[in-house]
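The block underneath contains the structure these notes are about, expressed in structure tokens.
Quick note: the coordinates plus some simple rules give every number you see, no bench work behind them. Just so you know, these numbers come straight off a predicted model, no measurement behind them. Because the Cβ atoms are built from the backbone with ideal geometry, glycine has one as well, and the counts that use them run over all protein chains shown.
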Amino acid sequence: MAEPKAQTHIQQLGFFDNDLNSSTHDNIMIWLQKNIDQVLNNLYYTPFERWEVERMVNSTKEELQRLLPPMIQQLKWSGNKLEEHQKLIDSLQNWTGKEILEQAIERPLITSHSVKWEMTVEREGRRVGDKYTLGFIDMHVAFSYMGYMIKGIPIGSNQKKEIEEYSLPYLFSYFNDDEVFFEVKTKIPSVGALLRQINFYKSYKPGKYVVVCPDDRHKELLASQNVGFVKAFAL
């Protein structure tokens, strides 16, 4: 039987993925997409711990203790500006973070934004507009997770010298966007070949990579190479 003809650069390097025409491969892909939010949370979700809140509060108090004295001294030289902002200054000097520490803060679960099958890995050619297909990543998933920070202290060094830029510190929540690339395998005959394939893709698309396969014998080895693992059909 004739060898398959190389269609992409990664195939020219000898990486032929025989799984692609397999119904089992399709079934794993379908299962992965159906359960993607649970998979993401199993991989990356962490609760918002009490020590994280305390660290942010303590850091904010330390910064206020460092910033306020020279600013107050400067305000004393500015006529009635100190008196005008005395109430805010007193509140900042006496701020303990108690209101934040007393909040019951629970990080929401991770949610996916988009799932794309067979994502093209390309490189630019020498001429503008030229693109060359290097290979295909089985699944690309974009997702978001909740982050927290304390606001109230201005960011810029010049703004930190202006009392008008301050407010009483408060907890602010925001969403971080992230992405992960999944390589689906029905079996792993050679973990070395699999890692070469993933490292090749990483050189063009850096980021998180996760292997999905029913066979979990190489889970620890993949983890040692900074590659995640999900056992297919097992949540």
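Taking 0.36 nm per residue of sequence separation and subtracting the Cα-Cα distance, how much length would be gained by fully extending the chain between ASP216 and ALA234, in nm to one decimal?
Additional length available on full extension: 5.4 nm.
Per 5 Å bin, what percent of the C-alpha pairs of region 59-172 does each bin hold, from zero upward?
Bins of 5 Å from zero give 2, 9, 14, 13, 9, 8, 6, 6, 7, 8, 7, 6, 4, 1 percent of pairs.
Tell me, TRP51, TRP95 in order of fewest to most beta-carbon neighbours within 10 Å?
Going from sparsest to densest Cβ surroundings: TRP51, TRP95.
Subtract the Cα-Cα distance of ASN27 and TYR174 from 0.36 nm times their separation in residues, and report this length gain in nm to one decimal.
49.4 nm
Between beta-carbons, use under 12 Å as the cut-off and find the net charge around VAL115, counting Lys and Arg +1, Asp and Glu -1.
Spelling it out: positives minus negatives among the neighbours equals -2.
For a bin width of 5 Å, list the pair-distance distribution of region 9-231 built from all Cα-Cα distances, rounded to whole %.
Per 5 Å bin, starting at 0, the Cα pair percentages come out as 1, 5, 12, 13, 12, 9, 8, 7, 7, 7, 7, 5, 4, 2, 1, 0.
If you take the beta carbon distance between PHE136 and ARG107 as r and set R0 to 41 Å, what does 1/(1 + (r/R0)^6) give as a FRET efficiency, to the nearest 0.05?
The formula returns an efficiency of 0.75 here.
Mark the label point 7 Å from the Cα of TYR204 along Cα→Cβ and return the residues of region 155-185 whose backbone N is within less than 18 Å of it.
180-184
Just report the Cα centroid separation between region 204-223 and region 42-111, whole Å.
41
Under 28 Å Cα-Cα from LYS34, which lysines qualify once same-chain neighbours fewer than 8 residues away are excluded?
LYS116, LYS185, LYS187, LYS202, LYS205, LYS208, LYS219, LYS231
Could you check what % of the DSSP bridge pairs in region 9-231 are antiparallel, to the nearest 5?
Around 75 percent antiparallel, to the nearest 5.
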